[in-house]
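Here is the structure we will look at, set down as structure tokens.
Bear in mind that the values in this text are calculations on the coordinates, not laboratory data. Not measured: the values here are computed from a predicted model. Positions of Cβ are backbone-derived with ideal geometry, glycine not excepted, and every protein chain shown enters the neighbour counts.
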């Protein structure tokens, strides 16, 4: 199964994933999946691992740049802090909160 469909399945089940993105191991719960300015995008809440900024929280990822996807236990979310996500322009699937 390709990354897009793995992420799609995990969103529907309100699950989490681990994988490598931009060279950093990350643990995250995907929330929205669809098309964005640069192709297939996923809005995630990163709750574990590392990143170039050193911060966890809301992030956008290019689906085809994620490596070594694996399903893990749990599901996490965070506050929106009043901001509106702009990376997923056309939503295919999203978590119902």
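The table below lists the values:
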{"quantity": "Segment 1-46 and segment 55-97: distance between their alpha carbon centers, rounded to Å", "calculated": "6 Å"}
{"quantity": "Length added when fully stretched, residue 2-residue 94, from 0.36 nm per residue minus Cα-Cα", "calculated": "31.3 nm"}
{"quantity": "Label-to-label distance, nm, for residues given as residue 12 and residue 70 (7 Å Cα→Cβ offset)", "calculated": "2.4 nm"}
{"quantity": "Segment 3-94, relative contact order [Cα under 8 Å, separation at least 6], %", "calculated": "36 percent"}
{"quantity": "Theoretical ellipticity at 222 nm over the chain - DSSP helices of four or more residues, -39500 (n - 2.57) apiece, nearest 500", "calculated": "-3000 deg cm²/dmol"}
{"quantity": "Protection proxy ranking, peptides 18-30, 58-70, average beta carbon neighbours within 10 Å, highest first", "calculated": "18-30, 58-70"}
